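K.L.:
Below: one structure in structure tokens.
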Amino acid sequence: MVAAIKRVPGIVYVLVALIMGFGWFIPGFFTVSNFLSVIRQGSVLAVVSLGATLAILSRGVNLSLGGVMSLAGVVTGVLMHRGWSIMAAILVGMATATAAGWLTGIVIAGAGIAPFVVTLGMMSVGEGLALVISGGASVPGFSNAFQVLGQGYLLRVPIPFWIAVMAFLIVHFILRDTQLGVSIYAVGGNEDAASLSGVDVRRCKLQIYLIGGILAGVAGVVLASRMNSAHPSGGMGFEFDAIAATVVGGTPMSGGRGGVVGTMVGAAIISIMRNGLNMLGLPTPWQMTIIGMIIIGSIALDALKSNR
Amino acid sequence: MERAVLEMHQITKQFPGVLALDKVDFDLYPGEVHILLGENGAGKSTLMKTLAGAHEPDSGTIVVDGREVRIRNPKQAQALGISIIYQEFTLIPYLTVAQNIFLAREPLRWGMRGLVDRDRLYADSTAILKTLGISVDPRSVVSTLGVAQQQLVEVAKALSLNARILIMDEPTATLSDQEIEQLFGIIHNLKSRGVGVIYISHRLQEVGQIGDRVTVLRDGRSVGTYNVADVDINTLIKLMVGREVMEKADRRSLPNAPEALRVSHLHRNGVLHDVNLVVREGEIVGLAGLVGSGRTELARAIFGIDPFDSGEIVLLGKRLVATNPSLSIRLGLGLLPEDRKSDGLALILPVKDNVTHASLTRLFPSFILDFRKERAIAERYVRDLRIATPNIFRQVGFLSGGNQQKVVLAKWLATQSRVLIFDEPTRGIDVGAKAEVHDFMRQLARQGVAILMISSDLPEIVSMSDRVYVMREGTIVKELEGEDINQETIIGYAMGKGEGQ
Ligand SMILES: Nc1ncnc2c1ncn2[C@@H]1O[C@H](COP(=O)(O)OP(=O)(O)OP(=O)(O)O)[C@@H](O)[C@H]1O
Ligand SMILES: [Mg+2]
């Protein structure tokens, strides 16, 4: 954890440099409306990234987050179209995501199968079910009351931002102040040793992926509200951006150290990157290329640092 | 007599291909230190793991305080008042000392399940470390501590449980004499409080120092339990190994042999200063000194793991002002590292691969493996070093601690380097095997290999070395030859006596 705190300033410089750089080159980057739009987009990524970080800290990985996001959004959207109340629809959408997370956790913890394999499968299950439930098309057009969640403001700040802050505070609290938090670091640091010390490794893993499901659910619902449309592949790719945010934020894939403070900065970097490259008019394939290079670069940097 | 706090009857444990425990009986009384001896792979750690909830025995009964119990996991062991310091490290590298001490038993805030009270976590850890006289900051991250400090943290962790049965599996293997004294003080204190201690060690002199009773295991069977007062060390060795172990010291003097390694004026800021030494072909040179005197640091600098600021190394005629490990290996230098647990082995790979890993390019310069040759080499070292494994295809992680160490040793011997640096070559290795390792080293020397041997085991230094350098505070303070090589003289220079004369 100390290592992560030491590293945070480093990436904060990157973040500031990025903002200054884009601001210099792109007219309209430093406008309030652009700023607010980055915050709205970045907040969704921030929420999913929290889930990705939990898995990576325990030396696992969660590839199912994007698929589960799509699923939660589509379930909520379809139910609202059927005339369900907003509350009930959101609750069922969240419950679906939670159940998906729980199932993932059960298989990983109970059967001892590698998280990579299980979550890869669950990614497919999530996307598949989202397509089935939506009939393959996006589910557009919701009531104003629902759209507030993704587009509204509270104290002049976009509501998704407040949701992300809440999620961050909760996960940060879990990691710092609960036995689960210590167990996550312990399992990531040395699973056998943790188990011999009496840590309930299975329960810890179950909880990690359960919380991941909940966070994906929140992100999926907010995304649907922001877009005013639930798309069956709306969450696609978020799992990778979330991993990128985690790694850029100083939590190595080998687990055991790091934390969500860095992940939040990482999520900001990725979001601003996307926004800036978009405004520069760079086509999506090039954006992917550049973001991929950033991920490799930050992993390489981490490796170089720890090998010294 | 008081009632035994622990009785184990007819404990049997079978692993694939190995009968690790065969109807073993063992008991422990409050306030006694019961020592468990046996060769590498005899089953000592396995017996203790059945108590700690890491393995369940196939058959047999365990009775704690007169009640028969089944111990299925570490939590249940803790609840019964059983605490263990494992032979392998069980600390979590990136957690703090305090988090490690209380792992899975954190003090709770407001008594709420799952909420850690961090203030009390650090306060309680500080208190525990203080009562044990261990000067480690509870807030420091474990991976930043040295090996000995980590071991002391393991001790603190085990003691924080207020256990009535404390198991120590080779606790002193990584400690210096001073820290061992400290540990023995702690053990005496525990005894007076009625704690029963089970103590495993390969350092036989410790039997007399702290033991009350001793049980010897051989090939998974108990060959007897004795009062320490009634047996002598030679009897114990015979019981352990099943034969007599003879070590004959013979010292050679080779002042005219060509120099294999020369280190001149080596300097590394704050660590080493003005180190000068020579090792000749065919010589075994001992490097003695207290823990922390810079011996390991010197080895690392010579091999090229750590850089040095000034000075020069001449290795087999090549003059070097900077080194790195791959260059060193290519030029014919090998280093058996001190910290074998983390540096030496690929635990999930078979014995065979681990033995040949460091010499693949030498053995197969065309990059095409010859499995028959690879097997032959692995089999030869398994036989020569008497590595207890059912076959060379067994994963190294399944071998006993001492046998894992022998595999690391085999790995470096297989490189056939012409200059070898051994850092504590026989730590954690049983008496019988120790004699074989010594013989093997002597054979290598006879073939012209130059050996620099770091050891904290003074009898080993005295019996093995042709010449001895004594290190203190980062530099070599004395070179000893012939009759001058004896324990008293070495200790004297290592502690800084005889200075200013
Ligand atoms: N998990 C395991 N799977 C398979 N075999 C094992 C396992 N653990 C131990 N063994 C085998 O059981 C035997 C006893 O091992 P154990 O670790 O108890 O030895 P030990 O007496 O502690 O030796 P040392 O002094 O080297 O630590 C060895 O042959 C070892 O290879
Ligand atoms: Mg052992």
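K.L.:
Rounded to the nearest 100 Å², what's the accessible area chains A and B bury against each other, both chains counted, probe 1.4 Å?
P.N.:
Summed over both sides, the interface buries about 2000 Å².
K.L.:
Any chance you could tell me what percent of the C-alpha pair distances in the range B:62-169 go past 25 Å?
P.N.:
That tail contains 23 percent of the Cα-Cα pairs.
K.L.:
Compute, for B:Leu369, the solvent-accessible surface of its heavy atoms (probe 1.4 Å) with the complete set of protein chains present, and express it in square angstrom to the nearest 10.
P.N.:
Counting only protein heavy atoms, the figure is 80 Å².
K.L.:
Distance in nm between label sites at A:Ile296 and A:Met20, each 7 Å beyond Cα in the beta-carbon direction?
P.N.:
2.8 nm
K.L.:
Further, regarding this structure: Rounded to the nearest 0.05, what FRET efficiency is calculated for B:Thr235 and A:Ile106 with R0 set to 45 Å and r the Cβ-Cβ distance?
P.N.:
Once rounded, the FRET efficiency stands at 0.20.
K.L.:
Now for a separate question. Could you give me D for the protein assembly as shown, from Stokes-Einstein at 4 °C and 1.567 mPa s, where the hydrodynamic radius is the Kirkwood radius over C-alpha pairs? Units µm² s⁻¹, please.
P.N.:
Diffusion coefficient, whole number: 43 µm²/s.
K.L.:
Take the Cα radius of gyration of the range A:119-247 and divide it by 2.2 N^0.38 Å, with N its residue count; two decimals is plenty.
P.N.:
1.27
K.L.:
Whole-Hz Karplus ³J(HN,Hα) for the range A:222-236, in order, using 6.51 cos²θ - 1.76 cosθ + 1.60 and θ = phi - 60°, x for Gly and Pro?
P.N.:
Result, ordered by residue: 5, 4, 4, 5, 5, 7, 6, 5, 9, 9, x, 10, x, x, 4 Hz.
K.L.:
Output the antiparallel fraction of DSSP beta bridges having both residues in the range B:373-497, as a percent to the nearest 5.
P.N.:
Just about 55 percent of them are antiparallel.
K.L.:
How large is ³J(HN,Hα) for each residue in the range A:165-182, as worked out from phi by the Karplus curve 6.51 cos²θ - 1.76 cosθ + 1.60 (θ = phi - 60°), to whole Hz, x for Gly and Pro?
P.N.:
Karplus-based 3J(HN,Hα) across the range A:165-182 equals 4, 4, 4, 4, 4, 5, 5, 4, 5, 4, 5, 8, 10, 10, 4, 4, x, 4 Hz.
K.L.:
Multiply the residue separation of B:Glu488 and B:Leu347 by 0.36 nm, subtract the distance between their alpha-carbon atoms, and state the gained length in nm to one decimal.
P.N.:
Stretched fully, the B:Glu488-B:Leu347 segment lengthens by 46.7 nm.
K.L.:
Continuing with the same structure: Using helices alone, what [θ] at 222 nm do you get for chain B, with -39,500 (n - 2.57) per DSSP H run of 4 or more residues, divided over all residues and rounded to the nearest 500?
P.N.:
Mean residue ellipticity at 222 nm (helix-derived): -9500 deg cm²/dmol.
K.L.:
log₁₀ I(q)/I(0) of chain A at q = 0.08, 0.11, 0.13 Å⁻¹, via Debye over equal Cα point scatterers, no solvent, to two decimals?
P.N.:
Debye curve over Cα of chain A, log10 I(q)/I(0) at q = 0.08, 0.11, 0.13 Å⁻¹: -0.34, -0.64, -0.90.
K.L.:
Pop out the ³J(HN,Hα) list for the range A:73-85 in order, Karplus 6.51 cos²θ - 1.76 cosθ + 1.60 with θ = phi - 60°, rounded to Hz; leave Gly and Pro as x.
P.N.:
Per residue, the Karplus-derived 3J(HN,Hα) values read x, 5, 4, 4, x, 4, 5, 5, 4, 7, x, 5, 5 Hz.
K.L.:
So if R0 is 56 Å, what FRET efficiency would A:Phe35 and B:His265 give, r being the distance between their Cβ atoms, rounded to the nearest 0.05?
P.N.:
Efficiency, rounded to the nearest 0.05: 0.35.
K.L.:
Using only helices, what value at 222 nm comes out for chain A when you add -39,500 (n - 2.57) per DSSP H run of length 4 or more and divide by the total residues, to the nearest 500 deg cm²/dmol?
P.N.:
Value at 222 nm, helices only: -26500 deg cm²/dmol.
K.L.:
Which percentage, to the nearest 5, of the DSSP beta bridges contained in chain B is antiparallel?
P.N.:
Within chain B, antiparallel bridges account for around 55 percent of the total.
K.L.:
Continuing with this model, one more query. Principal axis extents for the range B:353-462, Cα atoms only, whole Å, descending order, please.
P.N.:
Cα extents, longest axis first: 44, 32, 18 Å.
K.L.:
Give the accessible area for A:Leu304 in Å² (nearest 10); use a 1.4 Å probe, count only protein heavy atoms, and leave out ligands, DNA and RNA.
P.N.:
120 Å²
K.L.:
Oh, and also: Among B:Lys49/B:Lys373; B:Lys44/B:Lys157; B:Lys13/B:Lys373; B:Lys13/B:Lys406; B:Lys23/B:Lys49; B:Lys49/B:Lys411, which pairs are too far apart, with a Cα-Cα distance over 26 Å?
P.N.:
Those over the limit are B:Lys49/B:Lys373; B:Lys13/B:Lys373; B:Lys49/B:Lys411.
K.L.:
Using 0.36 nm per residue of separation minus the Cα-Cα distance, give me the extension gain between B:Val321 and B:Glu481 in nm, one decimal.
P.N.:
54.7 nm
K.L.:
On to the next question. How big is the accessible area of B:Lys478 in square angstrom, nearest 10, if you roll a 1.4 angstrom probe over the protein chains?
P.N.:
70 Å²
K.L.:
Give me, ordered by chain and number, the residues 5 or more places off A:Gly249 or on other chains with an amide H under 5 Å from its own placed amide H.
P.N.:
A:Gly266
The values are calculated or read from the model by the stated rules, or taken from the named source; none is laboratory data. Since this is a predicted model, take the numbers as computed values, not measurements. Glycine gets a Cβ as well: all are built from the backbone with ideal geometry, and neighbour counts include every protein chain shown. When the accessible area is computed, the model is the full protein with side chains, heavy atoms only, and any ligands, DNA or RNA have been set aside. Shrake-Rupley method; radii C 1.70, N 1.55, O 1.52, S 1.80 Å.
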